[in-house]
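One structure is given below, encoded as structure tokens.
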Amino acid sequence: QVQLKESGPGLVQPSQTLSLTCTVSGFSLTSYNVHWVRQPPGKGLEWMGRMRYNGDTSYNSALKSRLSISRDTSKNQVFLKMNSLQTDDTGTYYCTRDIPHLALWFAYWGQGTLVTVSS
Amino acid sequence: DVLMTQTPVSLPVSLGGQVSISCRSSQSLVHSDGNTYLHWYLQKPGQSPQLLIYRVSNRFSGVPDRFSGSGSGTDFTLKISRVEPEDLGVYYCLQSTHFPPTFGGGTKLELK
């Protein structure tokens, strides 16, 4: 059973760095791509970046200068770090997994973790 | 980036009724491999988005046949027939033909 679960601090101060963890089960990180998608409160969805099965990463150009995605395959975890946080970075952050043979980027989703940027 | 425009923003419906949601892209979503990577999601209140339709017209596992997708090029439609209470929420289209993938702004399906 494919599962993804996000975890993180909940509250981050402006200008600080956000660190989130996506812990997966039911599949191997060396076989599937994992993406990060975020959603401001009451608004739409934005793709942030991905960790590919082979360890390569891709980022949304709008966030690329602030964003880093890494992983620990032994712990089945993918990490997101984003610096210089501002209030408009407040929102729910999701990790998602693809289905490669269908070329489906966001087939399975975690429950999401709410991040509030506030002093 | 490809701009995805959904209409309407809000869609009142009666249970048992039928509705259509439109999604238009700023450029063709036909990939060089011949496929069209346009997908539909439903986000129920307080939940993560869930995949309904992939590649224009294919229902994902477990999705009832009340949901159907159609379209080509830049113009796509999601139809929901015999609307049930569990269908209420916000619907999003997504294109993954072009990098980066981009979502529509959403259509909120709500009871009249």
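Being more than 9 Å from every other protein chain (Cβ to nearest Cβ), modelled with pLDDT of 95 or more, on the phi > 0 side of the Ramachandran plot and part of a strand (DSSP E or B), is that true of even one residue in the range B:89-100? Yes, there is a match, as at least one residue in the range B:89-100 is more than 9 Å from every other protein chain (Cβ to nearest Cβ), modelled with pLDDT of 95 or more, on the phi > 0 side of the Ramachandran plot and part of a strand (DSSP E or B). Within the range A:60-76, track down each residue that is away from every other protein chain (no Cβ under 14 Å), basic (Lys, Arg) and surrounded by fewer than 15 Cβ atoms within 10 Å (Cβ to Cβ). A:75, the sole residue that qualifies.
Determine, yes or no, whether residue B:52 is over 24 Å from residue A:93 (Cβ atoms) and either open to solvent by less than 20 Å² (accessible area, probe 1.4 Å) or of a type outside the set (A, V, I, L, M, F, W, C) (or both). Criteria not met by residue B:52.
Residue selection: residue A:50 fails the criterion of being among the basic types (Lys, Arg), open to solvent by 20 Å² or more (accessible area, probe 1.4 Å) and farther than 24 Å from residue B:47 by Cα. Filtered by the rule that a residue be β-branched (Val, Ile, Thr) and surrounded by fewer than 18 Cβ atoms within 10 Å (Cβ to Cβ), the range A:100-119 gives a lone residue, A:116.
Just so you know, in the range B:20-45 the residues that are part of a strand (DSSP E or B) and open to solvent by 10 Å² or more (accessible area, probe 1.4 Å) include one that is nearest to the other protein chains (Cβ to nearest Cβ), and it is B:43. Out of B:99, B:60, B:76, B:67, one residue alone is without any contact (Cβ under 8 Å) to a residue 12 or more places away in the chain and open to solvent by less than 50 Å² (accessible area, probe 1.4 Å). It is B:60.
Taken as a whole, the condition of being among the polar types (S, T, N, Q), at the interface with chain A (Cβ under 10 Å from one of its Cβ atoms) and either out of contact with any helix residue (DSSP H, G or I) (no Cβ under 7 Å at 6 or more places or on another chain) or assigned to a strand (DSSP E or B) (or both) applies to residue B:48.
The values are calculated or read from the model by the stated rules, or taken from the named source; none is laboratory data. From a predicted model like this one, the values you see are computed outputs, not experimental measurements. Positions of Cβ are backbone-derived with ideal geometry, glycine not excepted, and every protein chain shown enters the neighbour counts. Just so you know, the surface numbers come from the protein's heavy atoms only, side chains and all, with ligands and any DNA or RNA stripped out. Shrake-Rupley method; radii C 1.70, N 1.55, O 1.52, S 1.80 Å.
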